[in-house]
Amino acid sequence: MSKKVLVIGEVRDGELRKVSLEAIAAGKVVAGGGEVVGVLLGEKVDVLVNSFFQYGADRVVVINHSALKSYTTDAYQQALLQVIKTENPEGIILGHTAIGKDLSPRLAMKLKAGLISDAIAVETNGDETVFTRPIYSGKAFEKKKVKEGIIFATIRPNNITALERDDSRNGEIKQLSVEIQDLRTVIKDVVRKAVGTVDLSEAKIIISGGRGVKSEEGFKPLQELADVLGGAVGASRGACDAGYCDYSLQIGQTGKVVTPDLYFAIGISGAIQHLAGMSNSKVIVAINKDPEANIFKVADYGIVGDLFQIVPILTEELKNVLH
Ligand code: FAD
């Protein structure tokens, strides 16, 4: 049965985030030939409607409101509940991002809907929608079947492939006015930390450093490798705790969960809590001077040796090959 599915877009730096494009593809599967409706919230966000259409949305609901300029739980929740009430969808999909993780349980509770969080795949089987999600820190996968009620899910970035961009596509745009009131939080200013330019959760290539890099300075060769590959720099908690880098780079059980195409673990021992955040990466390369390091158990390629010798050589070689 075809369904109407809302895909809630997330805007960052004036663009629709990649995970939102992936959510459109997931929405298409859930809709089963029905209508995929993109939802754009913000202030002056109309310019982004085309991205929704190019990647497969049939219609876009736009909500411009000064209270939606920066994310706050209250304002976004209020606005989205009004969209959901107006559109009455059978499915809702959004990214499993910091915003998605904050919003989705609140919306699900208000809608009295179940929530499938952190899905990495979606398919349909007759009248069932089946989501796959990792459990036990990525050591196993479970299938969640939804047969009735609102199909509500968040999807993990970098797992569901967005549709091929098609500039010839367009669709209907609907402007919706919403009432937003009694806000408990007001954002006065947003100050960005000066960290890497590539978003870790959506990066295709991640170069992570651990306590083995030994200092803040020790991250420099890793940043150079990341620059050559167009990747993002990540870290173990060991490196963050030691003060070598910012906690926003931490990958693992209590950090970010990532699934890039290529993950470098450099000077990282491979503690279970670190593996929880990266072991589902498609290809893992480990560089460690200890041949017994646990990280080699999950690595596809391993290099035993001193990272300060190996990483610069690797960077030079890749520079020659890629540029
Ligand atoms: P270490 O274990 O000290 O490993 C350093 C590695 O560098 C060693 O293997 C060593 O051989 C290698 N090395 C040293 N010098 C060189 C060199 N010159 N060249 C090459 N290799 C070298 N950890 C996370 O990462 N993410 C989490 O989210 C996280 N959450 C946690 C939650 C809880 C509740 C707890 C208890 C722990 C958590 N941890 C987490 C911490 C985790 O248990 C480990 O302590 C941490 O991952 C270790 O970081 P590391 O591998 O960088 O350091």
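The values are calculated or read from the model by the stated rules, or taken from the named source; none is laboratory data. Predicted, not measured: the structure shown is a model, and the values here were computed from it. Positions of Cβ are backbone-derived with ideal geometry, glycine not excepted, and every protein chain shown enters the neighbour counts.
Observations on the structure shown:
- Among the residues of segment 257-271, not one is modelled with pLDDT under 95 and more than 16 Å from the chain's Cα centre (by Cα).
- Test: residue in segment 65-86 that is in contact with a Lys or Arg (Cβ under 7 Å, 6 or more places away or on another chain), surrounded by fewer than 20 Cβ atoms within 10 Å (Cβ to Cβ) and not in a helix (DSSP H, G or I): no
- Just one of the listed residues (V47, V83) is free of Cβ contacts under 8 Å to residues at least 40 places away in the same chain, β-branched (V, I, T), more than 29 Å from T259 (Cα to Cα) and out of contact with any helix residue (DSSP H, G or I) (no Cβ under 7 Å at 6 or more places or on another chain), namely V47.
- Number of residues in segment 278-323 that are in contact (Cβ under 8 Å) with a residue 40 or more places away in the chain, under 16 Å from D261 (Cβ atoms), surrounded by 13 or more Cβ atoms within 10 Å (Cβ to Cβ) and of a type outside the set (S, T, N, Q): the value is 2.
- Residues of segment 282-323 satisfying the condition of being of a type outside the set (A, V, I, L, M) and near the ligand (Cβ under 10 Å from one of its atoms): N288, K289, D290, P291, E292, N294, F296, G305, D306, F308, Q309
- When L176 is tested against (1) more than 18 Å from S236 (Cα to Cα); (2) in contact with a Phe, Trp or Tyr (Cβ under 6 Å, 6 or more places away or on another chain), exactly one condition is not met: (2).
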